[in-house]
Amino acid sequence: MAGIEGAGSSSLPAVAKSNAFRRRARRELGVGYMFTLPSVLLLFLFTLGPALYSLYLSFFSWSLLNHMHFVGWKNFEQLFQMPLFWISVRNSVVFALVVVPTQTVIALGLAAILNQNLPARGFFRLAFFFPAVSSSAVISIIFMWIYNKFGLLNGFLSVFGIVGPDWLGNPQFALSSIMVLNIWTTSGYFMIVFLAGLQAIPAELYEASAIDGASRWKSFTHITVPLLSPSTFFIVVMGIVGTLQMFDQSFIMSQGTGGPLNSTTTIVLLIYQFIFSYGQVGYGAAATVLLFILILLATLATNWWFKRKLDYL
Amino acid sequence: MVGARNSFSYRLVRVLYLLILTLGALAMLIPFAWSLSTSLKPLSESMAYPPVWWPHPFDWSNFVAIWTMVPLARWFLNSAIVAVSVTVGNLIIDSLAGYALARIPFRGRSILHLGIVSMLMIPFQSVMLPVYILLRWLGLLDNYGGMIVPGLVSAMGVFLMRQAFLTIPQELEDAAMIDGAGRLRMFWQISLPMVTPNLMTLALMIFMGSWNNFLLPLLVANRSHLWTVPLGIVMFQQEYFVNWPYLMAASVLATLPIAFLFLVFQRFFVRGVATTGLK
């Protein structure tokens, strides 16, 4: 900013100059706040505020219709004794543990291949990315039809003489089916993030390693993977945040029940049910707080793991 | 990297790569192709097992019937109203904040920036319960406001616009400042026109997110005349469970606007993801 003032008022005496500078700085302060005010207000109202409000609500018993009263830690105690809560935690965690590594590896593989000089790259990029821009609701409906007992998937399997189950109606397969759908949706999306990271790696590194006689695989594991770790870290964290709050697919494919036999009840679906089916706002708020803690711990663990890995390099 | 053996293995690897990409692309596109195929079949043929890929003859009647069966036109209108309002709001609010964070030096700016970016770690699903209670208290349930207001700003959008405004050369603003231009005029007349491609990216990403949003309309809209397309289709599915041709016709129609935008403006979408890595 000093440069601007210097250029703008070089002919003014020093006192006037510093006064003008101060006036400008004061005005700027106000303008800065005014420009950011709408964002800050809305983010506080619909993101940070609600997060804090859920902490407050988690200490009250309330059905939305009656008067709320303070119950201390009781909601948390009740939640910890509730088998359904632990089922939902297990489902969400298993979902994240399977989906995040799988989609990250697929996205990385696709990006590494697409980064080569191959024909029709534009088409492939388009095809892989398209599921990510489609509506989760529409995709869920389409997959319900594909996963149907007499749907496309079982029709395909019958060619090989396999009699497929009713994928979404069978508690053994329902969650896995949603995992596949989720991986299918997000892999191409994260592939684009990896592609951007790949393009930032200087080509000379590969040339040098080729001269040293390194194989393709070796230069992939020794150059590409380590240099991509900022992108990977980002993708893993976003993957964790996304999978731990999976809701749409579970809700739609189980008609809001989390069935069959609660096999697709995720934490967020349970929170939804606490409000709309059970009228237990306090339990829902307590579950929200625990979800935040879970996401925070998972993110910290990822951070720690990536840091440690980088130290070894 | 020379010699016949190498060039043979090079070609082999390329073929292998293309094979992987082709199989991958097929896996990505088959569900959409299958929904299109089903939407063009009469109910009886859609139930054929093993499934038939090519409808004979093409039956367009599903695409006609669904408009009268459910208020589909109304749902499209609702989706458009909500998505356009949310997009316009974000274009204004996100770029104002992004501009201030990038170009105006003021006390607390870096903390504000950090605070806004950290909001990315709190996605909507996780605060669904308190937001629902808040909307109920504000009287925003069962009206457009409830589906629009919570989406008017996006931390991702602010971040995206800040990155864009950071790239503008300072000299341009200096010149305007010497001419005595106020910040609002500088923002509107000089800086904003320079980030038009980024505004385009932002508009597309926000529009897509809002058009596809399922959870917020689910929380807000109880009455069917307020449903958006994704919510309406899901509700429709719960009513007409067995009629897959109708459902697939509705799904095809719901996907068309986004598919169109995506095909025409693909590079903006790709750049948006590459810059922010976020939806």
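The numbers here are math on the coordinates, done by the rules we state, and not lab data. Predicted, not measured: the structure shown is a model, and the values here were computed from it. No Cβ is skipped: glycine too gets one built from the backbone with ideal geometry, and neighbour counts run over all protein chains shown.
Of note:
- Helix B:266-276 and the longest principal axis of the C-alpha atoms of chain B enclose an angle of approximately 60°.
- What the phi angles of the stretch B:24-30 give under the Karplus curve with 6.51, -1.76 and 1.60, with θ = phi - 60°, is a coupling list of x, 4, 4, 4, 6, 8, 4 Hz, glycine and proline written as x.
- Rg/Rh, computed from the Cα trace of the stretch B:4-62 with Rh as the Kirkwood radius, has the value 1.33.
- One quarter of the surface of the convex hull around the alpha-carbon atoms of the stretch A:86-130 equals 3.6 nm², the direction-averaged projected area.
- Computed label-point distance, nm, for sites A:H69 and B:R136 using a 7 Å Cα→Cβ extension: 1.9 nm
- Excluding same-chain neighbours fewer than eight residues apart, the aspartates and glutamates reachable from A:K218 by a Cα-Cα span under 14 Å are A:E207.
- Estimated distance in nm for a label pair at A:V94 and B:Y17, the labels positioned 7 Å out from Cα along Cα-to-Cβ: 3.9 nm
- Order of A:D212, B:D59 - criterion: other Cβ atoms within 10 Å of each residue's Cβ, fewest first: A:D212, B:D59
- Three-way shape label, the protein assembly as shown, alpha-carbon gyration tensor, a/c 1.5: oblate
- Compared with the dominant principal axis of the Cα atoms in chain B, helix B:244-264 is inclined by about 40°.
- Principal-axis analysis of the Cα atoms of chain B puts helix B:229-239 at an angle of about 30° to the longest axis.
- Kyte-Doolittle mean at least 0.0 and Cα axial length at least 27 Å: DSSP H helices in chain A: A:14-43, A:83-114, A:174-199, A:281-312
- The relative contact order of chain A comes to 27 percent, based on Cα pairs under 8 Å that sit 6 or more residues apart.
- Counting only Cβ charges, +1 for Lys and Arg and -1 for Asp and Glu, the dipole size of the stretch B:124-279 around its Cα centre is about 200 debye.
- Percent of C-alpha pairs per 10 Å bin, the stretch A:144-248, short to long: 12, 28, 22, 21, 14, 2
- With the convex hull constructed from alpha-carbon coordinates only, chain A shows a mean projected area of 26.9 nm² over all directions.
- In a fully extended conformation the segment linking B:W53 and B:T196 would gain 47.1 nm over its present Cα-Cα distance, using 0.36 nm per residue.
- CD proxy at 222 nm, helix term only [per DSSP H run n ≥ 4: -39500 (n - 2.57); per residue of chain B; nearest 500]: -22000 deg cm²/dmol
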